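Got a structure for you, written out below as C-alpha coordinates; questions coming shortly.
The values are calculated or read from the model by the stated rules, or taken from the named source; none is laboratory data. Model, not experiment: these values are computed from the prediction. Counting neighbours? That spans all protein chains shown, and the Cβs are built from the backbone with ideal geometry, glycine included. Note: areas computed on protein heavy atoms with side chains; ligands, DNA, RNA excluded. Shrake-Rupley method; radii C 1.70, N 1.55, O 1.52, S 1.80 Å.
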Amino acid sequence: MLVFPMTNSKALGAKIAEAAGCKAMSIESERFPDGELHLRFMDEVNGRDVVLVQSMHPNPNDALLEMVLAGMTAKELGARNVTGIAPYLAYMRQDKRFHAGECVSNRVVAHMLSQSVDRIVTVDPHLHRVRSLAELFHIGHRKVSANNAIADYISLRFSAHDSVIAGPDIESSQWARSIAEKIGFGSAIFLKERFGSRHVKIRVTEELEWKGRNAVIIDDIISSGHTMIEAVKEIRKRKPKAVHCICVHGIFAEGAYEKLKKAGAKSIVSTNSIAHRSNAIDISGTIAKEL
Ligand code: R5P
(Lines give C-alpha, C1' and ligand atoms only; values in the text may rest on other atoms or scores of the structure.)
Protein backbone atom coordinates (compact mmCIF):
# COMPACT_ATOMS: atom_id res chain seq x y z
CA MET A 1 0.00 0.00 0.00
CA LEU A 2 1.35 3.42 -0.97
CA VAL A 3 0.12 6.53 0.87
CA PHE A 4 0.42 9.86 -0.96
CA PRO A 5 -0.08 12.97 1.19
CA MET A 6 -1.33 15.71 -1.15
CA THR A 7 -1.11 19.52 -1.08
CA ASN A 8 -3.55 20.21 1.79
CA SER A 9 -2.64 17.19 3.91
CA LYS A 10 1.14 16.82 3.93
CA ALA A 11 1.47 16.48 7.70
CA LEU A 12 -1.71 14.47 8.30
CA GLY A 13 -0.95 12.20 5.30
CA ALA A 14 2.52 11.45 6.69
CA LYS A 15 1.00 10.59 10.09
CA ILE A 16 -1.61 8.34 8.50
CA ALA A 17 1.13 6.53 6.56
CA GLU A 18 3.12 6.05 9.76
CA ALA A 19 0.08 4.84 11.71
CA ALA A 20 -0.72 2.40 8.88
CA GLY A 21 2.86 1.13 8.98
CA CYS A 22 3.91 2.34 5.54
CA LYS A 23 6.09 5.07 4.07
CA ALA A 24 4.65 8.37 2.83
CA MET A 25 5.23 8.55 -0.93
CA SER A 26 5.61 11.57 -3.12
CA ILE A 27 3.28 13.19 -5.62
CA GLU A 28 4.43 16.44 -7.16
CA SER A 29 1.85 19.15 -7.74
CA GLU A 30 2.93 22.26 -9.57
CA ARG A 31 1.33 24.94 -11.66
CA PHE A 32 1.79 25.83 -15.26
CA PRO A 33 2.20 29.59 -15.85
CA ASP A 34 -1.50 29.83 -16.78
CA GLY A 35 -2.57 28.38 -13.42
CA GLU A 36 -3.38 24.85 -14.60
CA LEU A 37 -2.28 22.01 -12.33
CA HIS A 38 0.58 19.68 -13.24
CA LEU A 39 0.64 16.43 -11.25
CA ARG A 40 3.21 13.68 -11.24
CA PHE A 41 3.50 10.50 -9.18
CA MET A 42 7.15 10.30 -8.14
CA ASP A 43 6.82 6.64 -7.18
CA GLU A 44 5.68 3.67 -9.26
CA VAL A 45 1.98 2.89 -8.63
CA ASN A 46 1.48 0.02 -11.08
CA GLY A 47 -0.08 -2.98 -9.31
CA ARG A 48 -0.17 -1.21 -5.92
CA ASP A 49 -2.96 -0.12 -3.59
CA VAL A 50 -2.82 3.67 -3.74
CA VAL A 51 -4.10 5.95 -0.97
CA LEU A 52 -4.46 9.67 -1.70
CA VAL A 53 -4.84 11.98 1.31
CA GLN A 54 -6.29 15.37 0.51
CA SER A 55 -8.41 17.55 2.77
CA MET A 56 -10.72 19.84 0.80
CA HIS A 57 -9.79 23.04 2.55
CA PRO A 58 -8.18 25.49 1.89
CA ASN A 59 -8.87 26.12 -1.82
CA PRO A 60 -11.59 23.47 -2.10
CA ASN A 61 -11.81 23.74 -5.88
CA ASP A 62 -8.10 23.13 -6.48
CA ALA A 63 -8.03 20.42 -3.82
CA LEU A 64 -10.92 18.58 -5.42
CA LEU A 65 -9.48 18.79 -8.91
CA GLU A 66 -6.10 17.57 -7.62
CA MET A 67 -7.82 14.51 -6.13
CA VAL A 68 -9.73 13.86 -9.38
CA LEU A 69 -6.58 14.19 -11.52
CA ALA A 70 -4.51 12.02 -9.16
CA GLY A 71 -7.17 9.31 -8.80
CA MET A 72 -7.73 8.96 -12.53
CA THR A 73 -3.99 9.01 -13.23
CA ALA A 74 -3.28 6.32 -10.63
CA LYS A 75 -5.90 4.06 -12.26
CA GLU A 76 -4.51 4.78 -15.72
CA LEU A 77 -1.01 3.90 -14.47
CA GLY A 78 -2.27 0.49 -13.33
CA ALA A 79 -2.92 0.98 -9.59
CA ARG A 80 -4.75 -2.07 -8.24
CA ASN A 81 -7.05 0.03 -6.12
CA VAL A 82 -7.34 3.75 -5.34
CA THR A 83 -8.64 5.07 -2.00
CA GLY A 84 -9.29 8.78 -1.64
CA ILE A 85 -9.09 10.01 1.93
CA ALA A 86 -10.77 13.40 2.20
CA PRO A 87 -10.57 14.14 5.96
CA TYR A 88 -12.71 17.20 5.27
CA LEU A 89 -15.07 16.64 2.36
CA ALA A 90 -16.14 20.00 0.94
CA TYR A 91 -19.42 20.87 -0.79
CA MET A 92 -21.56 18.66 1.46
CA ARG A 93 -23.62 21.55 2.85
CA GLN A 94 -25.27 22.40 -0.49
CA ASP A 95 -27.48 19.33 -0.21
CA LYS A 96 -30.63 20.82 -1.70
CA ARG A 97 -31.74 23.33 -4.33
CA PHE A 98 -32.50 26.14 -1.87
CA HIS A 99 -33.23 28.58 -4.72
CA ALA A 100 -34.35 27.90 -8.28
CA GLY A 101 -31.49 27.17 -10.66
CA GLU A 102 -28.91 26.29 -7.99
CA CYS A 103 -26.41 23.46 -8.36
CA VAL A 104 -26.88 20.71 -5.75
CA SER A 105 -23.12 20.48 -5.29
CA ASN A 106 -22.93 17.51 -2.91
CA ARG A 107 -24.28 15.22 -5.66
CA VAL A 108 -22.03 16.63 -8.39
CA VAL A 109 -18.89 16.43 -6.24
CA ALA A 110 -19.72 12.87 -5.16
CA HIS A 111 -20.20 11.95 -8.83
CA MET A 112 -16.82 13.42 -9.79
CA LEU A 113 -15.05 11.57 -6.98
CA SER A 114 -16.87 8.32 -7.80
CA GLN A 115 -15.40 8.48 -11.31
CA SER A 116 -11.88 9.06 -9.99
CA VAL A 117 -11.30 6.73 -7.03
CA ASP A 118 -12.53 3.27 -6.00
CA ARG A 119 -13.25 4.11 -2.38
CA ILE A 120 -13.73 7.27 -0.38
CA VAL A 121 -12.96 7.70 3.32
CA THR A 122 -13.96 10.86 5.15
CA VAL A 123 -14.31 12.19 8.68
CA ASP A 124 -17.70 13.36 9.97
CA PRO A 125 -19.00 14.61 6.64
CA HIS A 126 -21.78 17.17 6.84
CA LEU A 127 -24.78 14.93 6.22
CA HIS A 128 -28.03 16.69 6.97
CA ARG A 129 -30.85 16.21 4.47
CA VAL A 130 -28.80 13.42 2.89
CA ARG A 131 -28.44 10.99 5.79
CA SER A 132 -25.69 8.70 4.55
CA LEU A 133 -22.75 8.56 2.15
CA ALA A 134 -24.51 5.62 0.45
CA GLU A 135 -27.05 8.08 -0.96
CA LEU A 136 -24.24 9.98 -2.68
CA PHE A 137 -21.48 7.50 -3.53
CA HIS A 138 -21.82 4.37 -5.63
CA ILE A 139 -18.26 3.31 -4.82
CA GLY A 140 -16.86 2.01 -1.53
CA HIS A 141 -17.30 4.60 1.20
CA ARG A 142 -16.49 4.92 4.86
CA LYS A 143 -17.48 7.59 7.35
CA VAL A 144 -15.02 7.92 10.22
CA SER A 145 -16.03 9.64 13.46
CA ALA A 146 -13.80 11.99 15.45
CA ASN A 147 -16.03 11.54 18.52
CA ASN A 148 -13.69 9.19 20.43
CA ALA A 149 -10.70 11.48 19.87
CA ILE A 150 -12.70 14.55 20.98
CA ALA A 151 -14.09 12.67 24.00
CA ASP A 152 -10.53 11.73 25.05
CA TYR A 153 -9.39 15.34 24.65
CA ILE A 154 -12.24 16.63 26.85
CA SER A 155 -11.98 14.02 29.56
CA LEU A 156 -8.26 14.71 29.97
CA ARG A 157 -8.83 18.45 30.52
CA PHE A 158 -12.29 18.89 32.03
CA SER A 159 -14.27 17.14 34.68
CA ALA A 160 -17.99 16.34 34.74
CA HIS A 161 -18.51 17.98 38.14
CA ASP A 162 -17.62 21.52 36.94
CA SER A 163 -18.05 21.36 33.15
CA VAL A 164 -20.92 20.92 30.72
CA ILE A 165 -21.17 20.37 26.97
CA ALA A 166 -23.34 22.33 24.51
CA GLY A 167 -24.26 21.87 20.86
CA PRO A 168 -25.23 25.02 18.95
CA ASP A 169 -27.94 23.42 16.80
CA ILE A 170 -29.98 20.24 16.48
CA GLU A 171 -27.56 18.61 14.02
CA SER A 172 -24.64 19.09 16.42
CA SER A 173 -26.29 16.62 18.77
CA GLN A 174 -24.50 13.74 16.98
CA TRP A 175 -21.21 15.21 18.28
CA ALA A 176 -22.10 17.22 21.39
CA ARG A 177 -24.69 14.93 22.97
CA SER A 178 -23.01 11.69 21.92
CA ILE A 179 -19.67 12.81 23.36
CA ALA A 180 -21.32 14.10 26.56
CA GLU A 181 -23.09 10.76 27.05
CA LYS A 182 -19.89 8.84 26.38
CA ILE A 183 -17.96 10.67 29.12
CA GLY A 184 -20.83 11.34 31.53
CA PHE A 185 -21.11 15.14 31.16
CA GLY A 186 -24.35 17.12 31.30
CA SER A 187 -25.33 18.59 27.92
CA ALA A 188 -27.69 20.99 26.20
CA ILE A 189 -28.54 21.32 22.53
CA PHE A 190 -29.62 24.73 21.25
CA LEU A 191 -31.79 25.83 18.33
CA LYS A 192 -30.30 27.74 15.41
CA GLU A 193 -32.04 29.83 12.81
CA ARG A 194 -29.97 30.74 9.77
CA PHE A 195 -30.77 33.90 7.83
CA GLY A 196 -27.71 33.83 5.54
CA SER A 197 -24.17 32.46 5.45
CA ARG A 198 -23.02 35.13 7.94
CA HIS A 199 -26.17 35.62 9.97
CA VAL A 200 -27.53 33.13 12.49
CA LYS A 201 -29.56 33.34 15.66
CA ILE A 202 -29.13 30.86 18.52
CA ARG A 203 -31.86 30.15 21.07
CA VAL A 204 -30.97 28.40 24.31
CA THR A 205 -33.84 25.95 24.52
CA GLU A 206 -32.30 23.70 27.18
CA GLU A 207 -30.88 25.28 30.31
CA LEU A 208 -28.12 23.80 32.48
CA GLU A 209 -26.27 24.93 35.58
CA TRP A 210 -23.90 27.26 33.65
CA LYS A 211 -22.83 29.61 36.42
CA GLY A 212 -19.21 29.13 37.48
CA ARG A 213 -18.75 26.08 35.25
CA ASN A 214 -16.78 25.44 32.07
CA ALA A 215 -18.97 25.26 28.99
CA VAL A 216 -17.54 23.29 26.07
CA ILE A 217 -19.36 23.89 22.77
CA ILE A 218 -18.92 21.21 20.11
CA ASP A 219 -19.85 21.44 16.43
CA ASP A 220 -18.74 19.71 13.24
CA ILE A 221 -17.60 22.79 11.30
CA ILE A 222 -16.49 26.31 12.19
CA SER A 223 -16.68 28.22 8.92
CA SER A 224 -17.63 31.90 9.24
CA GLY A 225 -17.67 31.29 13.00
CA HIS A 226 -21.07 32.93 13.46
CA THR A 227 -22.74 29.79 14.83
CA MET A 228 -20.08 29.45 17.56
CA ILE A 229 -19.92 33.21 18.22
CA GLU A 230 -23.67 33.42 18.87
CA ALA A 231 -23.54 30.30 21.06
CA VAL A 232 -20.60 31.74 23.04
CA LYS A 233 -22.49 35.03 23.55
CA GLU A 234 -25.63 33.26 24.78
CA ILE A 235 -23.71 31.10 27.24
CA ARG A 236 -21.63 34.03 28.53
CA LYS A 237 -24.86 35.84 29.50
CA ARG A 238 -25.30 32.99 32.02
CA LYS A 239 -21.96 33.70 33.79
CA PRO A 240 -19.96 30.50 33.20
CA LYS A 241 -16.36 30.19 34.42
CA ALA A 242 -15.16 29.96 30.79
CA VAL A 243 -16.41 28.96 27.35
CA HIS A 244 -14.36 26.60 25.18
CA CYS A 245 -15.03 25.74 21.52
CA ILE A 246 -14.23 22.46 19.78
CA CYS A 247 -14.89 21.50 16.18
CA VAL A 248 -14.01 18.61 13.92
CA HIS A 249 -13.25 20.76 10.86
CA GLY A 250 -11.71 24.18 11.48
CA ILE A 251 -12.22 26.20 8.30
CA PHE A 252 -12.07 29.57 10.09
CA ALA A 253 -13.03 31.68 7.06
CA GLU A 254 -12.79 35.48 7.08
CA GLY A 255 -10.88 35.78 10.38
CA ALA A 256 -13.34 33.54 12.25
CA TYR A 257 -10.69 32.37 14.73
CA GLU A 258 -9.89 35.92 15.88
CA LYS A 259 -13.58 36.91 15.92
CA LEU A 260 -14.39 33.93 18.10
CA LYS A 261 -11.59 34.81 20.53
CA LYS A 262 -12.90 38.34 20.66
CA ALA A 263 -16.39 37.04 21.42
CA GLY A 264 -14.92 35.47 24.57
CA ALA A 265 -13.97 31.89 23.71
CA LYS A 266 -11.21 30.93 26.14
CA SER A 267 -9.89 28.15 23.90
CA ILE A 268 -10.63 27.11 20.32
CA VAL A 269 -9.58 23.63 19.29
CA SER A 270 -10.00 21.53 16.16
CA THR A 271 -8.97 18.12 14.91
CA ASN A 272 -6.22 17.99 12.27
CA SER A 273 -8.70 17.12 9.47
CA ILE A 274 -7.80 20.62 8.15
CA ALA A 275 -4.33 21.96 8.95
CA HIS A 276 -4.72 24.99 11.27
CA ARG A 277 -3.01 26.42 14.35
CA SER A 278 -6.01 25.32 16.45
CA ASN A 279 -5.27 21.62 15.72
CA ALA A 280 -4.98 19.84 19.05
CA ILE A 281 -6.82 16.57 18.40
CA ASP A 282 -5.04 14.05 16.20
CA ILE A 283 -7.27 11.79 14.10
CA SER A 284 -4.55 10.11 12.01
CA GLY A 285 -4.78 6.87 14.00
CA THR A 286 -8.56 6.76 13.65
CA ILE A 287 -8.28 7.22 9.87
CA ALA A 288 -5.42 4.72 9.49
CA LYS A 289 -7.63 2.00 11.02
CA GLU A 290 -9.75 2.19 7.85
CA LEU A 291 -6.84 1.23 5.59
C1 R5P B 1 -24.12 23.63 9.90
O2 R5P B 1 -25.23 23.28 10.23
C3 R5P B 1 -22.88 23.14 10.56
O4 R5P B 1 -23.13 22.10 11.44
C5 R5P B 1 -22.16 24.27 11.26
O6 R5P B 1 -22.93 24.69 12.37
C7 R5P B 1 -21.95 25.41 10.32
O8 R5P B 1 -21.38 24.95 9.14
C9 R5P B 1 -21.08 26.47 10.95
O10 R5P B 1 -20.97 27.51 10.04
P11 R5P B 1 -20.58 28.97 10.49
O12 R5P B 1 -19.30 28.86 11.25
O13 R5P B 1 -20.40 29.70 9.18
O14 R5P B 1 -21.70 29.53 11.29
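ALA100: out of contact with any strand residue (DSSP E or B) (no Cβ under 9 Å at 6 or more places or on another chain), among the aliphatic types (A, V, I, L, M) and not assigned by TED's automatic domain parsing to the domain that holds LYS10, yes or no?
no
OK, next. At least 3 residues that are surrounded by fewer than 18 Cβ atoms within 10 Å (Cβ to Cβ) and at pLDDT 95 or above in each: list the strands (runs of 3 or more DSSP E) lying fully within segment 1-89 that qualify.
In segment 1-89, 27-31, 37-41 are the strands (runs of 3 or more DSSP E) which contain 3 or more residues that are surrounded by fewer than 18 Cβ atoms within 10 Å (Cβ to Cβ) and at pLDDT 95 or above.
What number of residues in segment 90-104 are open to solvent by less than 70 Å² (accessible area, probe 1.4 Å) and either farther than 21 Å from GLY250 by Cα or away from the ligand (no atom under 14 Å from the Cβ) (or both)?
Going through segment 90-104 one residue at a time, the tally reaches 2.
Sticking with this structure for a sec: Identify all residues within segment 129-166 that are open to solvent by 10 Å² or more (accessible area, probe 1.4 Å), of a type in the set (A, V, I, L, M) and in contact with a Phe, Trp or Tyr (Cβ under 7 Å, 6 or more places away or on another chain); write none if there are none.
ALA160
Also, quick follow-up: Is there any pair linking a residue in segment 136-157 that is more than 28 Å from VAL216 (Cβ to Cβ) to one that is of a type in the set (Asp, Glu) and at pLDDT 95 or above, with Cβ under 7 Å and at least six apart or on different chains, and which?
ILE139/ASP118; GLY140/ASP118
Among the strands (runs of 3 or more DSSP E) confined wholly to segment 186-231, which include 3 or more residues that are surrounded by fewer than 15 Cβ atoms within 10 Å (Cβ to Cβ) and not β-branched (Val, Ile, Thr)?
Counting at least 3 such residues, we get 191-196, 199-203.
Ok, one more. Out of all the residues in segment 206-232, which are within 16 Å of the ligand (Cβ to nearest atom), in contact with a strand residue (DSSP E or B) (Cβ under 7 Å, 6 or more places away or on another chain) and not aliphatic (A, V, I, L, M)?
ASP219, ASP220, HIS226, THR227, GLU230
Is it true that ILE235 is more than 10 Å from the ligand (Cβ to nearest atom), closer than 28 Å to HIS57 by Cβ and either open to solvent by 10 Å² or more (accessible area, probe 1.4 Å) or under 25 Å from the mean Cα position of the chain (by Cα) (or both)? Walk me through it before giving the result.
Values: more than 10 Å from the ligand (Cβ to nearest atom): yes; closer than 28 Å to HIS57 by Cβ: yes; either open to solvent by 10 Å² or more (accessible area, probe 1.4 Å) or under 25 Å from the mean Cα position of the chain (by Cα) (or both): yes.
Here the answer is yes, as ILE235 does meet what is asked.
Let me ask you something else. Which residues, counting only those in segment 238-264, are crowded, with 18+ Cβ neighbours inside 10 Å, in contact (Cβ under 8 Å) with a residue 40 or more places away in the chain and farther than 18 Å from ILE179 by Cα?
If the condition is that a residue be crowded, with 18+ Cβ neighbours inside 10 Å, in contact (Cβ under 8 Å) with a residue 40 or more places away in the chain and farther than 18 Å from ILE179 by Cα, then ILE251 is the only one that fits.
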